Amino acid sequence: MNYHFFATLSRMKYIERWALMRNARHETLSEHALEVAMIAHGLCIIGNTRYGRHLNAEKAALVALYHDASEIITGDMPTPVKYRSSKIRSAYKEVEAAADEQLLSLLPEDLKPAYEAIFEPYGDPDEMYMRMLVKAADKISALIKCIEEARAGNTEFSTAAESTQSAIDKLCKESPEVRDFVKDFLPSYGRTLDELLG
């Protein structure tokens with residue numbers, strides 16, 4: 001029997017993010033997932049190294065790689081629409097959960113539990129904190145996109161940059177890992193290659 005899980009996931013490269021906005025450079029879901037995975041892994045490493053946490057950085061990277069996989073089925077719901085009301089947000093959460101279930105149904109039964117552990121949030125406080133850092137990495141990735149668009153002269157992302165920066169400022173107060181990443185690494189985004197390597 002053929003199983004379609006990985007072939008379906010490979011379609012992440014066809015899903016464009018920020019669909020309702022004019023983009024100087026289009027970003028795919030695959031690109032976004034990779035960036036979120038690297039940042040989430042880094043946030044966990046910061047937590048373990050600087051704050052004595054016991055976070056599974058490798059699992060954070062995995063959770064991040066799959067965190068928006070449901071968008072293969074749902075498409076990328078624009079943030080202003082998704083959070084417009086609690087009713088829409090609640091309905092969209094149900095749609096995302098159903099899409100995740102549909103993706104998991106594309107696996108053989110013996111492999112399904114390993115992937116459910118990635119898709120479904122549960123666990124001890126360290127696991128839940130790690131998953132919060134994945135969400136923070138998602139926000140940081142969104143701010144990086146706003147920085148890159150502004151650097152390209154696109155003012156379309158200015159409001160998104162303000163609201164995302166506000167959310168990250170709040171996260172900085174709740175998470176020293178986010179605060180450190182924003183302080184130590186975020187200023188480098190938007191610099192030229194010569195500035196980065198020189």
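Summary of values
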read-out	value
Calculated FRET value between Asp110 and Lys82, using beta carbons and R₀ = 35 Å, to 0.05	0.50
Per-residue ³J(HN,Hα) for region 175-192, Karplus 6.51 cos²θ - 1.76 cosθ + 1.60, θ = phi - 60°, Hz, x for Gly and Pro	9, x, 5, 5, 4, 5, 4, 4, 6, 8, 10, 4, x, 6, 5, x, 7, 6
Rule-of-thumb Rg ratio for region 5-188 [Cα; 2.2 N^0.38 Å; N residues]	1.03
Whole-number percent relative contact order across the chain, with pairs defined as alpha carbons under 8 Å at least 6 apart	25
Candidates Ala114, Ala33, Ala61, ranked by Gaussian network fluctuation over the chain, Cα under 10 Å, top entry	Ala114
Linear extension gain, Tyr122 paired with Arg151, 0.36 nm per residue minus alpha-carbon span	6.5 nm
Loop-located trypsin sites (Lys or Arg not before Pro) in region 33-67, at most 16 other Cβ atoms within 10 Å (DSSP)	none
Length released on extending from Lys173 to Arg50, taking residue separation times 0.36 nm less the Cα-Cα span	42.7 nm
Region 1-86: proportion of alpha-carbon pairs further apart than 17 angstrom, %	59
Loop sites in region 1-51: chymotrypsin sites (Phe, Trp or Tyr not before Pro), DSSP, at most 16 other Cβ within 10 Å	Tyr3
Within a Gaussian network of the chain (alpha carbon springs, distance under 10 Å), most fluctuating of Met12, Met130, Met21	Met21
Fraction of alpha-carbon pairs over 18 Å apart in region 41-150 - percent	59
Distance between modelled label sites at Met21 and Arg191, nm, 7 Å Cα→Cβ extension	2.4
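A short reminder: the numbers here are calculations on the coordinates, not readings from a lab. Note that the coordinates shown come from a computational prediction; the quantities given were computed from them, not determined experimentally. Note: ideal-geometry Cβ built from the backbone for every residue, glycine included; neighbour counts use all protein chains shown.
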